[in-house]
Amino acid sequence: MTGEYSWTINETECYYYYLMNFYWDKSTGIFVESSIEVRNQTGDYLTTWSVLMGITDSNKWVVPEFPTWTSLLILLVVITFATATCKRRLLRTATSL
């Protein structure tokens, strides 16, 4: 949800902007996180603030962790693919000279 407003008071321009995001767990309907960002400019003065709120623990659901070994396996595959691609390009460049 966003909002943006501007107005003038005694020849001073005022500008107000906000952005709010709210997140719910679809399966349980529990409100789990929100973020709010606000900017207010009055003349030359600018004020900004933001808030991030979230549930850190619950007995209704568990946040699954990404296994470390899976991350290492993906990294190994990416490095192997990148190395093979670079070697092919170097061989092509060397043979075309």
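Computed quantities for the displayed model
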item: Where W7 falls short, out of the listed (1) surrounded by 14 or more Cβ atoms within 10 Å (Cβ to Cβ); (2) over 28 Å from G54 (Cβ atoms); (3) not β-branched (V, I, T); result: (1)
item: Residue satisfying condition, being at pLDDT 85 or above, within 28 Å of the chain's Cα centre (by Cα) and among the β-branched types (V, I, T), within set T56, T28, T48, T70; result: T48
item: Tally, over the stretch 1-39, of residues that are assigned to a loop (DSSP other than H, G, I, E, B) and in contact with a Gly (Cβ under 6 Å, 6 or more places away or on another chain); result: 0
item: The one condition in (1) at pLDDT below 80; (2) surrounded by 10 or more Cβ atoms within 10 Å (Cβ to Cβ) that R39 fails to fulfil; result: (1)
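The values are calculated or read from the model by the stated rules, or taken from the named source; none is laboratory data. Bear in mind the structure is a predicted one, so any value in this text is a computation, not a measurement. Counting neighbours? That spans all protein chains shown, and the Cβs are built from the backbone with ideal geometry, glycine included.
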